[in-house]
């Protein structure tokens, strides 16, 4: 319950962080867009002023008159009277009335050319580092419609940025407007640091959430494996403990001392049960020490063929199965330097698995080969085999490949113990298997 609450709080926290980031990015985008609109207003105004200056100079050149005679101080004719209320409606109070008056005055001789204005606007945009497609439009205010635009096949949409309309002709009620057709590159250029930071923070949030879920999944799996391991351990140790208890109880009876055969039998059962428990406990301790890095080997010189023959005698007699073990030796000298107890236990585990996971008639072939730099012991059986998709995890700790009802019980540590011991000897273990055809486990011990 506590873990679930922590998970919900973590998810809620990540969602709040992402929502905050989205809000900040959106607000920054809106501010940047408004700033770009204000720049567009200033740019179209500056371009128009430059165009007015150019037309005025052309007008002077054509009339050969002084500037004082060309520019009236204030046009007084009814045709050039300025309606300030209409001027304010367009929101251009910063625009000079003198420029507007000059434009109206010279417009009859040298009218405004859209291409020249477009070129002036483009130069100003470059000076402001705004790399965007654009269009300069002349708009008829009544009704509001585009009369002329500087870009061919121009189509307005909700994604473009419009400057405010700049009134340039009171009589005809015409205005100028700058349209930025593709402004998002410039917007992104101004907010890329924030976008990148938000993106990275979002990635970190998602990674943290994924890591949390993965850790929880692993913990659940580890808990299930641990419970399964404890259950199997208790079950496996219960059998030798029960045998030992029965044997000791029988030995405690006075009548047993009079029967030499019974006494030896119960003593043999006690020794086998004690040995079985000792081997299982040794495997568990070995894996634990291997994980902690304190696992040490006790090297000794011994004959591997002799140890294999002893194991053959031990495993050839199984009460409920017919077991045949064949030994093939191609080495002249089977002496190796290794940890005798651990190597013998590794081979015992392989033989035990071969018998457990085979049918009623078991055929096991043990091959000893001396290679250039190692000694190879192969254990081949005619058992149920292993599916190809499970071969990669066959040596994993606490892994039991066959968990169906009625399948042989075990710790799930036998093969992981084999791998740990062999790798501690700086060797390797390999497996080849086919379902329903058996398996071959090969152990390579350096010489």
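Set side by side, the residues 308, 323 differ, and just one is touching a strand residue (DSSP E or B) at 6+ places or on another chain (Cβ under 9 Å), under 19 Å from residue 352 (Cβ atoms), in contact (Cβ under 8 Å) with a residue 12 or more places away in the chain and assigned to a helix (DSSP H, G or I), which is 308. Assessment of the stretch 185-196 against the conditions (at pLDDT 80 or above and over 29 Å from the mean Cα position of the chain (by Cα)) yields no matching residue. Contact map, the stretch 19-35: first residue free of Cβ contacts under 8 Å to residues at least 12 places away in the same chain, second residue loosely packed, with under 12 Cβ neighbours inside 10 Å, Cβ cut-off under 9 Å, separation 6 or more or different chains; the map is empty. Scanning the stretch 363-406 for residues that are modelled with pLDDT under 90 and in contact with a helix residue (DSSP H, G or I) (Cβ under 7 Å, 6 or more places away or on another chain) yields a total of 8. Taking the criterion of being modelled with pLDDT of 80 or more, within 16 Å of residue 37 (Cβ to Cβ) and in contact with a helix residue (DSSP H, G or I) (Cβ under 8 Å, 6 or more places away or on another chain), would at least one residue in the stretch 208-230 satisfy it? No, there is no match, as no residue in the stretch 208-230 is modelled with pLDDT of 80 or more, within 16 Å of residue 37 (Cβ to Cβ) and in contact with a helix residue (DSSP H, G or I) (Cβ under 8 Å, 6 or more places away or on another chain). If you go through the stretch 152-167 and keep only what is at pLDDT 75 or above and either more than 19 Å from residue 125 (Cβ to Cβ) or exposed (fewer than 15 other Cβ atoms within 10 Å of the Cβ) (or both), you end up with 162, 167. Screening residue 294 with (1) under 48 Å from the mean Cα position of the chain (by Cα); (2) in a helix (DSSP H, G or I) gives one miss only, at (2). Would you confirm whether or not the stretch 177-186 contains a residue that is exposed (fewer than 15 other Cβ atoms within 10 Å of the Cβ), in the same structural domain as residue 135 (by TED's automatic domain parsing) and in contact with a helix residue (DSSP H, G or I) (Cβ under 7 Å, 6 or more places away or on another chain)? For the stretch 177-186, residues exposed (fewer than 15 other Cβ atoms within 10 Å of the Cβ), in the same structural domain as residue 135 (by TED's automatic domain parsing) and in contact with a helix residue (DSSP H, G or I) (Cβ under 7 Å, 6 or more places away or on another chain): absent.
The values are calculated or read from the model by the stated rules, or taken from the named source; none is laboratory data. Please read these numbers as outputs of a predicted model, since none were measured by experiment. We place every Cβ from the backbone using ideal geometry, glycine too, and count neighbours over all the protein chains shown.
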